[in-house]
Amino acid sequence: MRKFCSVHTHSLMCDGKNTLAEMARAACEAGVASFGASGHSHTPIPEDAGCVLPADMTAYRGEVLRLRAEYAGRMDVLLGIELDNCADVSPEGFDYWIGSAHRLKGPEGQFYTVDWDAETLAACCETAFSGDGCAMAERYYEEVCRMAAMGPTILGHIDLITKFNEGTPLFDEDSPRYRAAALAALHAADPQATLLEINTGAMSRGYRHTPYPALFLLEEWRTMGGRVILTADAHSAAAIVFGYDRAAALARAAGFGCSAVLTAAGAEERPL
């Protein structure tokens, strides 16, 4: 039985490096149980053009369904979407959806993408939060709370705000204030309805040394009775299952013996 899936993926239809066909081929060759396309949802932010799916997702849907037919009997192909906190489209009509927060709004109405680069995150902290990194993190987790409360199939990279906090920290990830905000966001998710992803995407692109999320969040999620799913947040075919061994080790360290695999029949628990 195939133990894993790859259902957090991005292609040339948004900000990925390969076509959906190339991503699906890499997934099948990697031996996953299922491949899921989860293009970034459309937003009304002009700067996002070319990095997100168009509002009309007909071509996207059509290509995923074509791939589903091509791989029938070999690998499940699922139609998903990663819904952003600034999205102006609905997750209805998809096999699954990932709920994620990527952006914070500044005082002049400008948007800061928290995982774009270290300079953007620092500018957001200084301009929108007067240099108070913990206040920025608290605001970010308010957005995560909102997405979690919508009941996504998967809660995406819950602590994405930490992506560029390793080298020159803007906030203390061990402080009670930071942890309270992160835990409040986690508690907004329904552990019976939503999977928490262990995401290796920033590792494959050289931005982090460990997966999202932090161990304390995984341990709390296990206490809540929640389930985890391993994802690569792959933006290229080469990264389709990147770092799953380290993601599985983190899951085991938090006390999990199984991870969920999304299939055409739903989420199935399989041993790590």
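The values are calculated or read from the model by the stated rules, or taken from the named source; none is laboratory data. All of these numbers come straight from a predicted model, not from anything done at the bench. Cβ coordinates were reconstructed from backbone atoms using ideal geometry, including for glycine residues, and neighbour counts include every protein chain displayed. Ligands, DNA and RNA are excluded from the accessible area calculation, which covers all protein heavy atoms including side chains. Shrake-Rupley method; radii C 1.70, N 1.55, O 1.52, S 1.80 Å.
Annotation: the antiparallel percentage among DSSP beta bridges lying fully within the range 132-236 is about 10. As I understand it, the value is the acute angle between the Cα axis of helix 176-187 and the longest principal axis of the Cα atoms of the chain; what does it come to in degrees, rounded to 10? Computed tilt is about 30 degrees.
Size descriptors for the range 46-122, from the alpha-carbon set: Rg then Dmax equal 15.9, 52 Å. Per q in 0.19 1/Å, what log10 I(q)/I(0) does a Debye calculation on the alpha-carbon atoms of the range 1-99 return? With no solvent term, the Cα-only Debye profile gives -0.85. The protection proxy used here, the mean number of other Cβ atoms lying within 10 Å of each residue, ranks peptides 25-35, 63-73 as follows, highest first: 25-35, 63-73. Using only Cα atoms, tell me the angle between helix 20-30 and the longest principal axis of the chain; keep it within 0 to 90° and round to the nearest 10. Approximately 80 degrees, to the nearest 10. Taking the DSSP bridge list for the chain and keeping only pairs wholly inside it, about 30 percent are antiparallel. Solvent-accessible area of the range 114-240 (1.4 angstrom probe, protein heavy atoms only): carbon and sulfur portion equals 51 percent. On C-alpha positions alone, give me the angle between the axis of helix 244-253 and the longest principal axis of the chain, in degrees, nearest 10. The answer is roughly 60 degrees.
Placing one equal scatterer on every Cα of the range 93-160 and applying the Debye formula, the log10 ratio I(q)/I(0) at q = 0.17, 0.22, 0.27, 0.29 Å⁻¹ is -0.61, -0.90, -1.18, -1.29.
For Cα extents along the principal axes in Å, several values are listed as [x] 55, 43, 31; [y] 82, 38, 33; [z] 60, 48, 31; flag the one computed from this structure. Recomputing Cα extents along the principal axes in Å here gives the entry labelled [x].
Surface exposure of the chain, expressed per residue as accessible area with a 1.4 Å probe, stands at 40 Å².
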